[in-house]
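Shown next, in structure tokens, is the structure this report addresses.
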Amino acid sequence: MRTDSTPNYSDVVSATGFLRPRASRSMASFQEHLATSHRILALLGAGLSASSGIPTFRGAGGVWRTHDATQLATPTGFAADPVLVWEFHLERLEEMKNKGPNAAHRALSELASKNEQFLALTMNIDDLSERAGHSAESLRHLHGRLDDLRCNMCDLHLSKTDSAAALEPLLQNDSSTPLSLGDIPRCPRGECKDGLLRPGVVWFTEPLPQALLESIAEWIGDENDNSRRIDTMLVIGTSALVYPATAYIEGARKRGARVAVVDIEQEDPSLLGLAEQDWYFQGDAATLVPVMLGYLP
Ligand code: APR
């Protein structure tokens, strides 16, 4: 007879004939494993920032449910209508400025400060991890950041200070005055005559920056090098549908990692290939991640 209050979910589901989830639900066994983990990789998705009030992309209330990604988040969409694309990204920027990090961002930031062998790969384009104190050395923005600007024509990437200066008038723009093409900042390079500044995020159809991919590959290391084993792979708040980000889960597994997934939805056993040695925790990341990582605010 079970003595704890956790339902034996696996038995219930298999008895009803559905595909049986195989990952463990035991927080105690996860915490035990984490305590002996040296190298830890994390893949962070929109669900991490969801309870801070930033909408996800694909779930209930997700941005791509009501907005057309092809128009708003592709280079061809920007070429066709830069004003529309900027309006959409300015809304996201306003949202980000008005929201703050939650306990999961803080717990991950604390893990980073305690463990030099921890790397977080975030798909989020917000700055909530940084505002929770997560150090730049152990955080990579796979899809860039909303508040970094670059030229749509040449290879110019503005510094943080120059991006902030270029964004300021756009953010101050009164929403009753519609944005026009003349409001969109131009590339400051004299020789780049037609260049418009755009958000420095990775849009659909665009590759991830080569230097970023190389720095991650270097951290991950060769799969045959035993000294580069990864003990734990945390997968937090992502639908895990976007490549190459999702491929890092398999990469970590090949280096020995046990995978721990946190998601508000029920486990979909056809995704991610979780097995008995892995974990699946269903619920809000802002509640679960601090418990998993033993974070005491
Ligand atoms: N806690 C944990 N998980 C949550 C929460 C929450 N509070 N709220 C939602 N989720 C889960 C959803 O169930 C879903 O599985 O977070 C996941 C969010 O998935 P997506 O919206 O697809 O976001 P993500 O996986 O980060 O998207 C990847 O797609 O559009 C691109 O570039 C964009 O970086 C983004 C990428």
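The values are calculated or read from the model by the stated rules, or taken from the named source; none is laboratory data. As the structure is a prediction and not an experimental result, all values here were calculated from the model. Neighbour counts run over all protein chains shown; Cβ positions are idealised from the backbone, glycine included. Accessible surface areas use protein heavy atoms only, side chains included; no ligands, DNA or RNA. Shrake-Rupley method; radii C 1.70, N 1.55, O 1.52, S 1.80 Å.
Summary of values
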read-out: Per-selection Rg to Rh, the stretch 175-214 - Cα, Kirkwood hydrodynamic radius; value: 1.11
read-out: Cα-Cα P(r), the stretch 176-293, percent of pairs per 10 Å interval; value: 11, 29, 27, 16, 15, 4
read-out: Mean-position separation - Cα centroids, the stretch 58-110 and the stretch 131-207, in angstrom; value: 13
read-out: At 0.692 mPa s and 37 °C, Stokes D of the stretch 19-89 from Kirkwood alpha-carbon radius, µm² per second; value: 207
read-out: Share of alpha-carbon pairs per 10 Å distance bin for the chain, given as whole %; value: 6, 26, 32, 22, 11, 4, 1, 0
read-out: Square roots of five times the Cα gyration tensor eigenvalues for the stretch 143-236, Å; value: 37, 16, 11
read-out: The stretch 23-103, accessible surface, carbon-and-sulfur percent (1.4 angstrom probe); value: 55
read-out: Computed label-point distance, nm, for sites T177 and W64 using a 7 Å Cα→Cβ extension; value: 3.6
read-out: Exposure rank, largest accessible area first [H143, H105, H67; 1.4 Å]; value: H67, H143, H105
read-out: Accessible carbon and sulfur surface of the stretch 109-209 relative to its total accessible area, %, 1.4 Å; value: 52
read-out: Within straight-line cross-link reach of K97, lysines at Cα separation under 23 Å, skipping those fewer than 8 residues along the same chain; value: K160
read-out: Kirkwood-based Rg to Rh ratio, the stretch 59-207, C-alpha trace; value: 0.99
read-out: Area accessible to solvent at D155, 1.4 Å probe radius, in Å²; value: 110
read-out: GNM flexibility winner over the chain from S180, S109, S138 (Cα, springs under 10 Å); value: S180
read-out: Accessible area of S239 in the full protein assembly, 1.4 Å probe (Å², nearest 10); value: 50
read-out: Accessible surface, 1.4 Å probe, highest first, among residues E91, E191, E116; value: E116, E191, E91
read-out: Rounded accessible area per residue of the chain, 1.4 Å, Å²; value: 50
read-out: Taking the chain and dividing mean pair separation by its residue count, relative contact order in percent (alpha carbons under 8 Å, at least six apart); value: 26
read-out: Degrees between helix 103-114 axis and first principal axis of the chain (Cα, 0 to 90, nearest 10); value: 80
read-out: With DNA, RNA and ligands ignored, accessible area of L108 (1.4 Å probe; Å², nearest 10); value: 0
read-out: Normalised convex hull volume, the stretch 248-297, alpha-carbon set, Å³ per residue; value: 93
